[in-house]
Amino acid sequence: MVADSLREARPGLEVEVVRITTSGDRIRDVPLAEVGGKGLFVKEIESALLSGEIDCAVHSMKDVPGVLPAGLTIGAVPLREDPRDAVITTATGSWGGSRAGMSVGTCSPRRAAFLRRFDPELTIVPLRGNVGTRLAKVESGEVDATLLAVSGLRRLGITPANLEYLDPDVFVPAVGQGALAIECREGERGHRADVVELLASIEDPVSRVRANAERAFLAGMGGNCVTPIAALATVDGSTVRMTAVFADPSGETPLREEGVAPQADAAKMGAALADLVLATGGAELLRQLGDHS
């Protein structure tokens, strides 16, 4: 999709897609929290970028850590897809009715925390794998339901029969969910001079502002893969609004803050919300999670 956008922006451009299988792709039988977190989806790709093997890298924004390696930057944020989560259930499952004893498969600490808060009677079952694998687990009855990003389903052209969109005010999305991060080398060090300019041609300014706010919150929290952090920024005219959440894994009341700022101050707002969350119990909760990770 990104390659096509680049070719459209510059007719005649030759784009080679280099497929790199990451540790996150290979290790599917262990929760990410136990093997290094979401960074496992980007490390090998970033190594290829730093070595000059590739000129830019395409990531799911939610997989990109808050702090990038030295020498790398996010060169473009294309138009963001729907950031919401969706629940997919078995044909006989009932999400809107009684959920007592229903099993929901997920390895996301954020989703698990929100599920426990939403309905303590749900049974959370660790479940990893790509979209097809997780849908198959539901179809086979191994679990009664699973949560997936709407953006992933849409990009794959999949519309499960028993799907319900979740309220993003209740199930606040992961930082950057639905957005792509096009990473490139920073400055002129061995960098093809036209790469930054080329990537700018596929940038969506509103998606960038939203990403700046959410990623500043992530960086300010200093969390990791076991930290159930969520944030969703929206833009209305010249204003950006954001809901930022640090969910208690046990399902207790989450630490939640909201902010409003001019678009130019999106990152400052995200950082300020992180400071507020840390000051109102987030720092202690982080310490507790660190003791148990």
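Values in this text are rule-based calculations from the coordinates and carry no lab data. This one's a predicted model, so the numbers in the text were calculated from it and none came from an experiment. Note: ideal-geometry Cβ built from the backbone for every residue, glycine included; neighbour counts use all protein chains shown.
About its Cα centre, the dipole of segment 85-165 is roughly 340 debye, where the only charges are +1 on Lys and Arg Cβ and -1 on Asp and Glu Cβ.
Beta bridges from DSSP with both residues in the chain: antiparallel share about 85 percent, rounded to the nearest 5. Overall, the ratio between the Cα radius of gyration of segment 85-165 and 2.2 N^0.38 Å, rounded to two decimals, is 0.99. The alpha carbon gyration tensor of segment 146-217 gives principal lengths a ≥ b ≥ c with a/c of 1.5 or higher and a/b greater than b/c, which makes the shape prolate. Fewest neighbouring Cβ atoms within 10 Å first, the residues Arg99, Arg215, Arg287 line up as Arg287, Arg99, Arg215. Across the alpha-carbon set of segment 205-293, the Rg to Rh ratio works out to 1.00, Rh being the Kirkwood radius. Candidates Ala91, Gly152, Val15 compared by Cα position along the dipole of the chain: farthest toward the positive end lies Ala91, with charges placed on Cβ.
Couplings 3J(HN,Hα) of segment 178-186, computed from phi: x, 9, 9, 10, 9, 8, 8, 6, 8 Hz, in residue order, whole Hz [Karplus 6.51 cos²θ - 1.76 cosθ + 1.60, θ = phi - 60°; x for Gly and Pro]. Roughly how compact is the chain, stated as its Cα Rg over 2.2 N^0.38 Å to two decimals? In units of the 2.2 N^0.38 Å rule of thumb, it is 1.01. Annotation: extensible slack from Ala161 through Ala200 equals 10.2 nm (criterion: 0.36 nm per residue apart, minus Cα-Cα distance). Each residue of segment 116-125 was assigned a 3J(HN,Hα) from its phi angle through the Karplus curve 6.51 cos²θ - 1.76 cosθ + 1.60 (θ = phi - 60°); the sequence is 5, 5, 5, 8, x, 7, 6, 9, 8, 10 Hz, with glycine and proline shown as x.
Per-residue extension of 0.36 nm, minus the Cα-Cα distance of Thr239 and Asp82, leaves a gain of 54.6 nm for this segment.
The phi-based Karplus calculation (6.51 cos²θ - 1.76 cosθ + 1.60; θ = phi - 60°) puts the 3J(HN,Hα) values of segment 269-279 at 5, x, 5, 5, 5, 4, 4, 5, 5, 5, 6 Hz, whole numbers, x for Gly and Pro. As a proxy for reagent exposure, ranking Asp63, Asp119 by other Cβ atoms within 10 Å from fewest up yields Asp119, Asp63.
Positive-end ranking of Pro168, Pro65, Leu122 along the dipole of the chain, with charges on Cβ about the Cα centre, is headed by Leu122. Projecting label points 7 angstrom from Cα along Cα→Cβ for Glu284 and Lys268 puts them 3.1 nm apart.
Dipole magnitude for the chain: computed about the Cα centre from +1 point charges on Lys and Arg Cβ and -1 point charges on Asp and Glu Cβ, it is near 260 debye. The sum of -39500 (n - 2.57) across all DSSP H runs of n ≥ 4, divided by the residue count of the chain, sets its helix-only mean residue ellipticity at 222 nm to -9500 deg cm²/dmol.
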